[in-house]
Amino acid sequence: RSLMAAIRERSKGTPVKAQGYRGFKRVEFTEDMSKRYTVLAPQMAPIHFDLLEAAFQHSGINLIILPDTDPQAIDCGLRYVNNDACYPAIMSLGQIMTALRSGKYDLNRTSVIISQTGGCCRATNYIGMLRKALADANMPQIPIISLNTKGLNEQPGFKPSLGFWHRLLQGVIYGDTLQQVLYRTRPYEKVRGAAESLFKKWQEKLAVDLNKADRSTFVKNIRQIVADFDSLPIWEDIKKPRIGIVGEIYVKFHPIANNQIIKLIEEEGGEIVTSGLADFFYYGLLDNNFRHKYLSGSFWSALGGKAAIKLLDWYRKPYAEAVAASKRFDPVTSIYEIADEAKEYLSLGHVAGEGWFLTGDMIDLIHRGAKNVVCLQPWACLPNHVTGKGMIKTLKSAFPETNIVAIDYDPSASAVNQTNRLKLMLTTTFESIRQPSAAAEEKPVLPFIPGIHINGSLNK
């Protein structure tokens, strides 16, 4: 009805602007500003983003990644962003507005940078939302930088060089490597805090090495990270249920947005299995192929997407080889394999938000032994509800042994309800572990207690 009303209104002539409408001036970020200004960026993925500052420093930009531990960002986001916007918009823009209102920064020497997808996702509109928020907060002088690969909202003071993109890609692969090895070993460590300590040691080293970012150091670091975590003392005889995490990219990676779901699952006795940040970029690049074949995409965009995938493969190759040769870690799944698995259940034409990749990601995690999957559903992200929650029944039918639970996240969601849904799923998981198989001999079954050996000795 809204669409038809808009069409009828436009058919009468020039559209009438809504009452109270006002334009928001675009503030230019000049080359001179790039040398003097502090640039703030919202946190999204702490494991990855803390490494990406080196890419900006190489370009001469003083970037500050905002902390991920400020719950006030939600309230601030609700104040300055339309409450019908998606939860990631409220969270990320709320982070920015909280920082600007904190008094820590000189507002006349501060800029903001935020990613922009350029597709059919509300993330494309973050720039406009932020301009309105800045105007409402009497900060219209703050320039906004858009980080995207489609030439949107270009600023003369931000011209990413090849060195910038090179360091950015290395940082993403480093982050994916650290994420997998940490999640795989931390639940089983013999010495409490050993995995986290090793992770922080490597994170500090990689932040320094990214300034130089040569190929030989990159390959050496990836191999050594996997080797160090492969030899970390863990309880080999303990088997915990593998819990897959999928969902909208922001809520999936941001610990405040998902109410520390990683920490909660590990405390309850589970092991996290999830895809990396690079996989989302692979998905976006492969979409160009579908657009060219079935929609209005050009041949050159499809060819460029395939070339970019090969380039990303080259960056990920050391990581893929290292985990393939390891004794503890899962091998890397090609985006083409994930797409082949997904298209058996839905069209690859689902390219909004996480699209078909969300379904493919769940299938891939199931194949990797994560029979229990949590799908994170942010408020107002319609594509996520279609290809995430909307596919649960289909996937459960295809994989009967699988348990998939959707958990909704929004500014007013009850953390208690979210926790209860998660604990209910984990309880079901532990119950299935306790049950002996039909072919097993009749013998007493010891209770499954997270964090304790089957023989009763303490895990920690």
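The values are calculated or read from the model by the stated rules, or taken from the named source; none is laboratory data. In this text the structure is predicted, and so the values were computed from the model without any measurement. Here the Cβ positions follow ideal geometry from the backbone for every residue, glycine too, while neighbour counts run over all protein chains shown. The accessibility values were calculated without ligands, DNA or RNA, using every heavy atom of the protein model including side chains. Shrake-Rupley method; radii C 1.70, N 1.55, O 1.52, S 1.80 Å.
Considering only residues that are open to solvent by less than 10 Å² (accessible area, probe 1.4 Å) and polar (S, T, N, Q), look in segment 156-178 and name the one that is farthest from GLY276 (Cα to Cα).
GLN170
Pick out the one residue from THR149, THR185 that is assigned to a loop (DSSP other than H, G, I, E, B) and surrounded by 14 or more Cβ atoms within 10 Å (Cβ to Cβ).
Matching residue, one of THR149, THR185: THR149.
With the condition kept exactly as written, say whether any residue in segment 123-137 is in contact with a helix residue (DSSP H, G or I) (Cβ under 7 Å, 6 or more places away or on another chain), charged (D, E, K, R) and touching a residue at least 60 places away in the same chain (Cβ under 8 Å).
There is no residue in segment 123-137 that is in contact with a helix residue (DSSP H, G or I) (Cβ under 7 Å, 6 or more places away or on another chain), charged (D, E, K, R) and touching a residue at least 60 places away in the same chain (Cβ under 8 Å).
For the subset of segment 275-297 comprising residues that are outside any helix (DSSP H, G or I) and of a type in the set (S, T, N, Q), which member is farthest from THR177 (Cα to Cα)? Quick ask: steps written out before the conclusion?
Going through segment 275-297, the residues outside any helix (DSSP H, G or I) turn out to be 275-276, 295-297.
Cutting the leftovers down to of a type in the set (S, T, N, Q) gives us 275, 296.
Details: SER275: 11, SER296: 36 Å.
Filtering segment 275-297 for residues that are outside any helix (DSSP H, G or I) and of a type in the set (S, T, N, Q), the one farthest from THR177 (Cα to Cα) comes out as SER296.
Kindly indicate whether any position in segment 49-56 is more than 30 Å from TRP165 (Cβ to Cβ) and either surrounded by 20 or more Cβ atoms within 10 Å (Cβ to Cβ) or at pLDDT 80 or above (or both). Walk me through it before giving the result.
First, the residues of segment 49-56 that are more than 30 Å from TRP165 (Cβ to Cβ): none.
So far as segment 49-56 goes, no, none of its residues is more than 30 Å from TRP165 (Cβ to Cβ) and either surrounded by 20 or more Cβ atoms within 10 Å (Cβ to Cβ) or at pLDDT 80 or above (or both).
Would you check if THR333 is crowded, with 18+ Cβ neighbours inside 10 Å, of a type in the set (S, T, N, Q) and over 30 Å from SER412 (Cα atoms)?
Spelling it out, THR333 is indeed crowded, with 18+ Cβ neighbours inside 10 Å, of a type in the set (S, T, N, Q) and over 30 Å from SER412 (Cα atoms).
Quick one: in segment 107-124, which of the residues that are under 15 Å from the mean Cα position of the chain (by Cα) and open to solvent by less than 20 Å² (accessible area, probe 1.4 Å) is nearest to TYR250 (Cα to Cα)?
ALA123
Can you pull out the residues in segment 78-103 that are under 18 Å from ASP408 (Cα atoms) and open to solvent by less than 20 Å² (accessible area, probe 1.4 Å)?
The initial filter retains those residues of segment 78-103 that are under 18 Å from ASP408 (Cα atoms), namely 78, 83-92.
Of everything in segment 78-103, those that are under 18 Å from ASP408 (Cα atoms) and open to solvent by less than 20 Å² (accessible area, probe 1.4 Å) turn out to be ALA85, CYS86, TYR87, PRO88, ALA89, ILE90, MET91, SER92.
Which residues, counting only those in segment 98-121, are free of Cβ contacts under 8 Å to residues at least 60 places away in the same chain and part of a helix (DSSP H, G or I)?
Those that are free of Cβ contacts under 8 Å to residues at least 60 places away in the same chain and part of a helix (DSSP H, G or I): THR98, ALA99, LEU107, ASN108.
Out of (1) over 26 Å from LEU210 (Cβ atoms); (2) surrounded by 16 or more Cβ atoms within 10 Å (Cβ to Cβ), the odd one out for PRO46 is which?
It is condition (1) that PRO46 fails.
Can you tell me which residue within segment 260-274, out of those that are part of a helix (DSSP H, G or I) and of a type in the set (A, V, I, L, M), is nearest to GLN418 (Cα to Cα)?
Step one: of segment 260-274, the residues part of a helix (DSSP H, G or I) are 261-267.
Imposing the further condition that a residue be of a type in the set (A, V, I, L, M) reduces the set to 261-262, 264-265.
Working: ILE261: 9, ILE262: 13, LEU264: 11, ILE265: 12 Å.
For segment 260-274, the residue satisfying everything is ILE261.
Return a yes/no flag: does segment 353-361 have any residue that is surrounded by fewer than 22 Cβ atoms within 10 Å (Cβ to Cβ) and outside any helix (DSSP H, G or I). Spell out the reasoning first.
To start, the set of residues in segment 353-361 that are surrounded by fewer than 22 Cβ atoms within 10 Å (Cβ to Cβ) comprises none.
No, segment 353-361 contains no residue that is surrounded by fewer than 22 Cβ atoms within 10 Å (Cβ to Cβ) and outside any helix (DSSP H, G or I).
With the requirement that a residue be surrounded by 15 or more Cβ atoms within 10 Å (Cβ to Cβ) and closer than 16 Å to LEU78 by Cβ, what does segment 135-146 give you?
Within segment 135-146, ALA137 is the sole residue that qualifies.
Picking from TRP314, TRP300, which residue would you name as being modelled with pLDDT of 90 or more, of a type in the set (Phe, Trp, Tyr), farther than 29 Å from LYS220 by Cβ and assigned to a helix (DSSP H, G or I)?
Values: TRP314 fails: farther than 29 Å from LYS220 by Cβ.
Among TRP314, TRP300, only TRP300 is modelled with pLDDT of 90 or more, of a type in the set (Phe, Trp, Tyr), farther than 29 Å from LYS220 by Cβ and assigned to a helix (DSSP H, G or I).
Inspect all residues belonging to segment 399-413 and state whether any of them is in a loop (DSSP other than H, G, I, E, B), open to solvent by less than 70 Å² (accessible area, probe 1.4 Å), in contact with a Leu (Cβ under 7 Å, 6 or more places away or on another chain) and at pLDDT below 90. Give the derivation first.
Going through segment 399-413, the residues in a loop (DSSP other than H, G, I, E, B) turn out to be 399-402, 410-413.
Going one step further and asking which of them are open to solvent by less than 70 Å² (accessible area, probe 1.4 Å), we end up with 399, 402, 410-411, 413.
Keeping just the survivors that are in contact with a Leu (Cβ under 7 Å, 6 or more places away or on another chain) gives 402, 411.
Retained after the next criterion (residues that are at pLDDT below 90): 411.
Yes: one or more hits.
For segment 195-213, name all the residues that are open to solvent by less than 40 Å² (accessible area, probe 1.4 Å) and out of contact with any Lys or Arg (no Cβ under 7 Å at 6 or more places or on another chain).
From segment 195-213, those open to solvent by less than 40 Å² (accessible area, probe 1.4 Å) are 195, 198-199, 202-203, 206-207, 209-210, 213; that's our starting set.
Scanning segment 195-213 gives LEU198, PHE199, TRP202, GLN203, LEU206, ALA207, ASP209.
If you go through segment 286-300 one residue at a time, how many are open to solvent by 40 Å² or more (accessible area, probe 1.4 Å), more than 24 Å from the chain's Cα centre (by Cα) and without any contact (Cβ under 8 Å) to a residue 24 or more places away in the chain?
Residues in segment 286-300 being open to solvent by 40 Å² or more (accessible area, probe 1.4 Å), more than 24 Å from the chain's Cα centre (by Cα) and without any contact (Cβ under 8 Å) to a residue 24 or more places away in the chain: 6 in total.
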